[in-house]
1. Quick one: count up the residues across the range 146-171 that are within 23 Å of Ala3 (Cα to Cα) and either among the hydrophobic types (A, V, I, L, M, F, W, C) or modelled with pLDDT under 95 (or both).
2. Of everything in the range 237-258, what is without any contact (Cβ under 8 Å) to a residue 40 or more places away in the chain and either among the β-branched types (Val, Ile, Thr) or open to solvent by 90 Å² or more (accessible area, probe 1.4 Å) (or both)? Give them in sequence order.
3. Being surrounded by fewer than 24 Cβ atoms within 10 Å (Cβ to Cβ) and either out of contact with any helix residue (DSSP H, G or I) (no Cβ under 6 Å at 6 or more places or on another chain) or assigned to a strand (DSSP E or B) (or both) is the filter here; which residues of the range 29-54 pass it?
4. Test Gly288 against the stated conditions and say whether it is open to solvent by less than 50 Å² (accessible area, probe 1.4 Å) and not in a helix (DSSP H, G or I).
5. Residues in the range 120-127: is at least one of a type outside the set (Gly, Ala, Ser), touching a Cys at 6+ places or on another chain (Cβ under 6 Å) and open to solvent by less than 20 Å² (accessible area, probe 1.4 Å)?
6. Please find, within the range 34-86, the residue that is farthest from Leu13 (Cα to Cα) out of those that are touching a residue at least 24 places away in the same chain (Cβ under 8 Å) and among the charged types (D, E, K, R).
7. Residues of the range 41-60 being out of contact with any Lys or Arg (no Cβ under 6 Å at 6 or more places or on another chain) and of a type in the set (Gly, Ala, Ser), which ones?
Amino acid sequence: MGAEQVRDGFVELYGARPDGVWAAPGRVNLIGEHTDYNDGFVMPFALPHTAVAAVSRRTDGVLRLHSADLDTGVAELRLDELAPESDKAWTAYPAGVVWALREAGHPVTGADVHLSSTVPSGAGLSSSAAIEVVVALALNDLFALGLQGWQLARLCQRAENVYVGAPTGIMDQTASACCEAGHALFLDTRDLSQKQIPLDLAAEGLRLLVVDTRVTHAHSGGEYGKRRAGCEKAAALLGVDALRDIAYADLDAALDRLGDDEEIRRLVRHVVTEDQRVEQVVALLESGGDTRAVGPVLTAGHASLRDDFRVSCPELDLVVDTALAHGALGARMTGGGFGGSAIVLAEATDVEALTKAVGEAFAAAGHTSPRVFEAVPSAGARRLV
């Protein structure tokens with residue numbers, strides 16, 4: 001749904017024109033999975049799919065929320081009654097942003113919000129972060145808060161961690177807030193330093209496909225939290241602030257120090273090698289060499305997520321195995337796992353055959369037909385109207 005449709009929907013709901021219309025994208029992560037809450041490196045880029053919100057400010061302490069994508073009415077909340085983990089509906093995401101802004105001392109006095117999103121929900125493409133960031137950006141503008149993209153991302157992460165109760169890292173919100181069209185974002189999640197890395201796959205005759213398995217996942221589920229807790233335990237055992245502090249060259253020694261706790265050893269091995277893979281991809285793209293060499297790094301990342309971190313699923317593995325068997329340059333699951341999407345790096349000339357092969361493999365296995373689309377590095381959050 002575009003800016004005009006969302007604006008018109010706002011007028012129909014609330015009886016007046018909104019103060020503005022904003023957009024924030026979903027993201028796909030090229031490489032760097034489950035490293036963000038370990039203070040490590042990630043490399044996402046923004047998708048053309050966005051959450052679009054028409055918003056007006058209020059001064060009476062009331063927050064009204066409506067989604068054009070759901071068959072529900074307008075939710076009306078009082079700002080002074082917002083409390084962490086009190087809301088299990090979609091409204092927790094925008095309400096959590098308002099709560100986080102006010103908790104940080106920013107003078108948000110209420111808002112009317114109407115939004116619609118084209119980011120697939122439950123596909124590991126950060127649909128929740130897009131909603132959080134678009135609301136945060138709108139309120140930042142309407143209340144003249146003067147916050148930068150990375151600061152909005154921090155507040156949105158706090159909303160998701162504390163208000164929603166999902167123990168996610170900072171990558172999704174930063175990607176939505178800060179990515180640039182035609183680039184991937186090399187992000188150090190410890191200090192939030194950023195570098196925009198040019199990524200023009202089409203110019204090299206390449207495509208990056210997103211394959212949504214339609215197996216939904218939820219970050220607030222227990223398995224994600226267990227992985228994060230395991231990583232924190234490992235860091236404590238190794239005497240470091242975060243697993244990012246274990247150098248790749250020191251991995252074997254670190255694993256030896258962990259003894260026979262195989263579960264913890266697997267988590268450490270994935271995080272340390274995944275940080276190394278992000279740096280490999282950055283070096284390959286910055287060297288101006290053949291981007292095709294990124295493919296095997298992606299595939300190695302999937303093996304690590306499947307075997308060490310154990311967050312893949314049969315549908316994700318089927319996408320990767322089928323794509324590689326039909327000529328893909330590389331493939332891996334993307335996002336938190338337990339469902340969601342995989343990415344496939346391929347020659348443009350192979351896209352049709354690959355897409356057909358994956359669809360046939362899913363049909364043969366009795367799975368729901370996957371959704372396949374091209375991922376094009378797109379613009380981050382912005383005001384539309």
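1. Residues meeting the conditions: 3.
2. The first filter runs over the range 237-258 and keeps only residues without any contact (Cβ under 8 Å) to a residue 40 or more places away in the chain, leaving 237-240, 246-258.
Hits for the range 237-258 are Leu237, Val240, Ile246, Tyr248, Ala249, Asp252, Asp256, Arg257.
3. Once the filter is applied, which keeps residues that are surrounded by fewer than 24 Cβ atoms within 10 Å (Cβ to Cβ) and either out of contact with any helix residue (DSSP H, G or I) (no Cβ under 6 Å at 6 or more places or on another chain) or assigned to a strand (DSSP E or B) (or both), the range 29-54 yields Pro48, His49.
4. Details: open to solvent by less than 50 Å² (accessible area, probe 1.4 Å): no; not in a helix (DSSP H, G or I): yes.
Answer is no for this residue.
5. Residues of the range 120-127 of a type outside the set (Gly, Ala, Ser): 120, 125.
Then drop every residue that is not touching a Cys at 6+ places or on another chain (Cβ under 6 Å), which leaves none.
Within the range 120-127 (the criterion being of a type outside the set (Gly, Ala, Ser), touching a Cys at 6+ places or on another chain (Cβ under 6 Å) and open to solvent by less than 20 Å² (accessible area, probe 1.4 Å)), the answer is no, since none of the residues qualifies.
6. Asp39
7. Answer for the range 41-60, where residues must be out of contact with any Lys or Arg (no Cβ under 6 Å at 6 or more places or on another chain) and of a type in the set (Gly, Ala, Ser): Ala51, Ala53, Ser56.
For every residue, the table says whether it meets (1) open to solvent by 30 Å² or more (accessible area, probe 1.4 Å); (2) of a type outside the set (Gly, Ala, Ser).
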{"residue": "Ser67", "(1), (2)": "no, no"}
{"residue": "Leu70", "(1), (2)": "yes, yes"}
{"residue": "Gly73", "(1), (2)": "yes, no"}
{"residue": "Leu77", "(1), (2)": "yes, yes"}
{"residue": "Glu85", "(1), (2)": "yes, yes"}
{"residue": "Lys88", "(1), (2)": "yes, yes"}
{"residue": "Thr91", "(1), (2)": "no, yes"}
{"residue": "Gly96", "(1), (2)": "no, no"}
{"residue": "Leu101", "(1), (2)": "no, yes"}
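The values are calculated or read from the model by the stated rules, or taken from the named source; none is laboratory data. Keep in mind it's a predicted model, so treat the numbers as computed, not measured. All Cβ positions, glycine included, derive from the backbone under ideal geometry; neighbour counts span all protein chains shown. Accessible surface is based on the protein model in full, side chains and every heavy atom, while ligands, DNA and RNA are left aside. Shrake-Rupley method; radii C 1.70, N 1.55, O 1.52, S 1.80 Å.
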